[in-house]
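Reviewing the structure listed below.
The values are calculated or read from the model by the stated rules, or taken from the named source; none is laboratory data. Bear in mind the structure is a predicted one, so any value in this text is a computation, not a measurement. All Cβ positions, even for glycine, are placed from backbone atoms using ideal geometry, and neighbour counts span all protein chains on display.
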Amino acid sequence: MTAGLHFIAKNAHDVTVGDKRVLFHIPTTSLFDLDEVSGDVLDLFKEKKTVSRADMEERFKGRYSPDRLLEVVEDFLEMDIVEGEAPIRPDYGKIKIENYPLSTIILNVNTGCNLGCSYCYKEDLTTPAKGDLMGFDVAKKSIDLLLKEGKSRDRVNVVFFGGEPLSNMPLIKAAVDYAEKRCADEGKKVDFSITTNATLLTENIIDYMNDHKFGIAVSMDGPKAIHDKNRKTIGGKGTYDVVSKKARMLLDRYTARPVGARVTLTAGITDVVGIHDHLKYDLGFAEVGFAPVTSGDISLFNLSNEELHEVFQNMRALGEDYLVKALEGRNNGFSNMHQMMTDLYEGTKKALPCGAGIGLLAVDHEGGLNLCHRFTGSDIETYGNVDSGIKKKELGEFLESRADRDGTWCDSCRIRNLCSGGCYHESYATYDDIHKPTYHYCDLMRDWIDFGITVYTRILNKNPGFFEQHVSPRTLLNTGRTYNPLDMGK
């Protein structure tokens, strides 16, 4: 250590939690308690950047034994927090993607929707009468593709999306029957999921989904005044009254799995706590997730920078409530926070922001293969179709380019292995370039992750059983699904 060791700032980030310090090891997204010696050595490296043996002796002589200091330095060398003569190991080598082990196929069963939500991002959306319905042949081939490419998977997921998917129930039922038979023949388990505006729910439809154990998410934006602002019928009438009535029927009748609500936050709407409390406690949803609108063709609906900061402050307030409930052994149903707890608990490390293109593809009504459901109907090229299969060369080139962080701000970002450049559709909507990382809320995301680390550490120290009780079952329930750490996509 005569010449000195150099601090690798991009690989270490520490957070103070009460009277403790926690080291976030960025390459592995692992968390470690920093004792007094480790914290003081880390501070020395952060202060001087390059530290020699003489520096160590001058700072710590008479305070810590040489053997203990050597042990800390060796740990930091092994973790690539400091470097000597050995080269720094990259988080990932150059990634070559050759296999596409699908676990999830999303079927866009109808481009038609009976609502006219003002902020909708779907470029192919139209009225029910003009909607393009997916036929059974396309759905069948989609499921065949899922099983062919996902042959290594023990469990697969079929997701129904739209438009409003319940407007094509005959196709959904036929696809469910076919998927269940095919999966039974191949010894696989199959899960079904759907996102719906709830307006077309009936007792029979609810009972059908209950029998087949659907995962259900209802798009609902909060109390009447907020919900009716943007979620209207095609004729311009607010839909809260009918949606809340149908949601109550669903929640009273449905028993197979927890039902979640998905909220879209637009300009002027920042009351995260009030919306959560209404949907969770007044209506009874198990989970409530928030998607702030920060980009889109209609800028009128985008949250301003000031509003986005307010949203995150309110998310922190709801996160504090999450912490209080977790210490009591309860989950308050704030799914953005709960997903982050899951990521930290499992040590999630991602080269790419989500499974789109590898574990997940979305099929449009014509059979085209899209990166995800947000791209069906867009002018982004498809990556094959259900007849000819996946264009693996072209898809691989795109994914490999997104995984390559050289020359981007992501290369040295402390949340690079959780965010991984952000949502592809956010890049498309913001920059008209799916290759470009989403830089427009980086600082907010970093602060949000720091807050999450604080919450996670406090729960781990005071009630570690919470993770076994509430996080592990959710992991099993959501097998095959993919998430952005903040669920920021619309």
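Can you confirm whether Asp132 is charged (D, E, K, R) and surrounded by 15 or more Cβ atoms within 10 Å (Cβ to Cβ)? Yes, satisfied.
Gly329 fulfils the conditions (1) under 30 Å from Tyr92 (Cβ atoms); (2) in contact (Cβ under 8 Å) with a residue 24 or more places away in the chain; (3) surrounded by fewer than 19 Cβ atoms within 10 Å (Cβ to Cβ) except for a single criterion, (1).
This table checks each residue for (1) in a loop (DSSP other than H, G, I, E, B); (2) hydrophobic (A, V, I, L, M, F, W, C); (3) modelled with pLDDT under 90.
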site	(1), (2), (3)
Leu369	no, yes, no
Gly377	yes, no, yes
Thr382	yes, no, no
Asp387	yes, no, no
Glu394	no, no, no
Glu397	no, no, no
Arg402	no, no, no
Gly407	yes, no, yes
Asp411	no, no, no
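Tell me which residues, restricted to region 134-157, are touching a Leu at 6+ places or on another chain (Cβ under 7 Å), outside any loop (DSSP other than H, G, I, E, B) and within 16 Å of Ala175 (Cβ to Cβ). Phe136, Ala139, Ser142, Leu146, Val156 - these are the residues of region 134-157 that are touching a Leu at 6+ places or on another chain (Cβ under 7 Å), outside any loop (DSSP other than H, G, I, E, B) and within 16 Å of Ala175 (Cβ to Cβ). Filtering region 284-340 to residues that are farther than 22 Å from Ala429 by Cβ and touching a Pro at 6+ places or on another chain (Cβ under 8 Å) leaves Ala286, Glu287, Met340.
Conditions tested, residue by residue: (1) in contact with a Phe, Trp or Tyr (Cβ under 6 Å, 6 or more places away or on another chain); (2) surrounded by fewer than 19 Cβ atoms within 10 Å (Cβ to Cβ); (3) assigned to a helix (DSSP H, G or I).
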site	(1), (2), (3)
Met315	no, no, yes
Glu320	no, yes, yes
Met340	no, no, yes
Lys349	no, yes, no
Cys354	no, no, no
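Counting just the residues of region 270-301 that are of a type in the set (A, V, I, L, M, F, W, C) and at pLDDT below 95, which one comes out surrounded by the fewest Cβ atoms within 10 Å (Cβ to Cβ)? Here the answer is Leu300. Can you go through Ile106, Ile172, Ile143 and tell me which one is touching a Pro at 6+ places or on another chain (Cβ under 8 Å), crowded, with 22+ Cβ neighbours inside 10 Å and aliphatic (A, V, I, L, M)? Criteria check complete, one pass: Ile172. For region 186-232, a tally of residues being within 30 Å of Arg153 (Cβ to Cβ), acidic (Asp, Glu) and in a helix (DSSP H, G or I) returns 3. Got a sec? Which of Ser401, Ser412, Ser427 is more than 17 Å from Glu149 (Cα to Cα) and either in the same structural domain as Lys130 (by TED's automatic domain parsing) or in contact with a helix residue (DSSP H, G or I) (Cβ under 8 Å, 6 or more places away or on another chain) (or both)? Only one candidate passes the filter, namely Ser412. Kindly provide the set of residues from region 1-59 that are of a type in the set (D, E, K, R) and assigned to a strand (DSSP E or B), ordered by number. Across region 1-59, the qualifying residues are Asp14, Lys20, Arg21, Asp33. Here Lys10 clears all of (1) of a type in the set (Lys, Arg); (2) surrounded by 13 or more Cβ atoms within 10 Å (Cβ to Cβ); (3) over 22 Å from Ser420 (Cβ atoms) except the condition numbered (3).
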